[in-house]
Ligand code: ADP
Ligand code: MG
């Protein structure tokens, strides 16, 4: 497999705050390679979601480099235009937020298929549609929901919805997977199953994965554990895959 990685170097982000600025990211450094998972913990308001927004091109940092090494190029995400950022998100970044923002009218299968049609300017051919369907079915199977493919979000449990959310983020075979507190709305057992799934997909699909989590019970299974406090990120438990 080609080496892929995310490297954040000296990233700083501030937000307007009254007459001053609030520092959300304070000279952050981070490195995660393809197939490994860096967990990020830390108190509420410490900057974890801001870091995920910066690495997924949703917010531009004030300074620093956010380098994503893909199979064919290294891109500095901090320098992308909005349009380039959107294109890169479609091709290479999988994003999973706390609340699965599924589309109520679509079935589980259609939620995944819709990802492939985003940003498509032209009519998709029957062959492309078949390939998309095959891939969507394969991923529903990976997350254990092949038999639920015709259900709509209202007919699924919170854990099942979060699994679909994860499967959907894998539709574009992302180089980078960013996941923000995926278990916060789930009970312990369902949460553990979702973490198991994330560990499996990150490793088998080779995505460099950033996982924000409050749940400390699974941290020993991560390749690296970082802690964010007041915008400052530090390595809590370094590991083999971090270098
Ligand atoms: P966490 O995910 O760790 O809870 P956030 O990254 O959401 O932290 O927030 C970090 C800090 O930045 C907090 O003080 C929060 O209030 C502030 N913040 C987050 N988003 C914005 C925004 N869009 N505009 C202004 N301040 C924000
Ligand atoms: Mg957050």
**OP:** Output the peptides 156-162, 123-129, 176-182 sorted from most to least packed, where packing is the average of other Cβ atoms within 10 Å over each peptide's residues.
**Re:** 176-182, 156-162, 123-129
**OP:** Pull out the extension gain between residue 117 and residue 192, defined as 0.36 nm times the separation in residues minus the alpha carbon to alpha carbon distance; nm, one decimal.
**Re:** 23.8 nm
Original post:
Using alpha carbons only, how many degrees (0 to 90, rounded to 10) separate the axis of helix 108-117 from the longest principal axis of the chain?
Top reply: 70
**OP:** Kindly express, to the nearest 10 degrees and within the range 0 to 90, the angle between helix 158-169's C-alpha long axis and the longest C-alpha principal axis of the chain.
**Re:** 80
Original post:
Hey, what angle do you get for helix 188-205 against the long axis of the chain, alpha-carbon based, 0 to 90 degrees rounded to 10?
Top reply: 90
**OP:** Give the residues of the range 48-84 whose amide nitrogen is closer than 19 Å to a point set 7 Å from the Cα of residue 12 in the direction of its Cβ.
**Re:** 48, 50-52, 54-55, 59-67, 77-79
Original post:
According to a simple spin-label model (label point 7 Å from Cα along Cα-to-Cβ), what is the distance in nm between residue 101 and residue 219?
Top reply: 2.9
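Report relative contact order for the range 92-243 in percent, whole number only (criteria: Cα-Cα under 8 Å, sequence separation at least 6). Kindly include the intermediate steps, with their values, before the conclusion.
On the way: 205 pairs, mean separation 40.8, N = 152.
With pairs under 8 Å counted, the relative contact order is 27 percent.
Quote to one decimal, in nm, the extra length available between residue 124 and residue 90 on full extension: 0.36 nm per residue of separation minus the C-alpha distance between them.
10.6 nm
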Original post:
Kirkwood hydrodynamic radius (Cα pairs, Å) of the chain?
Top reply: 18.4
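So if each residue of separation counts as 0.36 nm, and I subtract the Cα-Cα distance between residue 83 and residue 71, what length gain in nm does that give? Display every interim value, and only then the final one.
On the way: separation 12, 0.36 × 12 = 4.32 nm, distance 2.09 nm.
Stretched fully, the residue 83-residue 71 segment lengthens by 2.2 nm.
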Original post:
What order, most packed first, do the peptides 13-23, 220-230, 80-90 have when packing is the mean number of other Cβ atoms within 10 Å of each residue?
Top reply: 220-230, 80-90, 13-23
**OP:** Let me see the pair-distance distribution of the range 13-99: every alpha carbon pair, 10 Å bin width, integer percents in order.
**Re:** 14, 48, 32, 6, 0
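Which percent of the Cα-Cα distances in the range 148-243 go past 21 Å?
On the way: 1695 of 4560 pairs.
Summing the P(r) tail past 21 Å for the range 148-243 gives 37 percent.
Bear in mind that the values in this text are calculations on the coordinates, not laboratory data. This structure is a prediction, so every number in the text was calculated from the model and none was measured. For neighbour counting, all protein chains shown are included, and Cβ atoms are generated from backbone atoms with ideal geometry for every residue, glycine included.
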